[in-house]
Amino acid sequence: MIICSCNALNDKAVRQAVAAGASRPREVYSGCGCEAQCGNCTATILSIIREQPAASGRG
Ligand code: FES
């Protein structure tokens with residue numbers, strides 16, 4: 001499923017970026033080698049970030 005049509009990011013790419021430690025949409029974009037364009041996908045990316053368990057603990 002395409003999450004970000006501007007950058008052709010699918011949910012798998014977004015989840016991989018989150019699993020790699022991205023905790024904000026802009027970190028997801030940079031983790032995927034792109035940048036936010038229109039911003040329409042930000043809310044969807046945020047919901048994917050919130051679905052995932054925290055990638056790293058404190059400390
Ligand atoms: S859909 Fe992601 S920046 Fe436009």
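Just so you know, all these numbers are worked out from the coordinates, no wet-lab data involved. Here the structure is a predicted model, which means the values were calculated and not measured. With ideal geometry, Cβ positions are generated from the backbone for all residues, glycine too; neighbour counts draw on all protein chains shown.
Compared with the dominant principal axis of the Cα atoms in the chain, helix 42-51 is inclined by about 30°. Between Ala13, Ala22, Ala43, the Gaussian network model of the chain with springs among Cα atoms under 10 angstrom shows the greatest mean-square fluctuation at Ala43.
Only Lys, Arg, Asp and Glu carry charge here, each on its Cβ (+1 for the first two, -1 for the last two); on that basis the stretch 2-51 has a dipole of about 60 debye about its Cα centre.
Extending 7 Å from the Cα toward the beta-carbon at both Gln37 and Ser5 defines two label points whose distance is 1.0 nm.
Its convex hull of Cα atoms gives the chain a direction-averaged projected area, equal to a quarter of the hull surface, of 3.7 nm². Note: relative contact order over the chain, using C-alpha pairs below 8 Å and six or more positions apart, is 36 percent. Helical content alone sets the calculated 222 nm signal of the chain at -12000 deg cm²/dmol, taking -39,500 (n - 2.57) per DSSP H segment of four or more residues and averaging over every residue.
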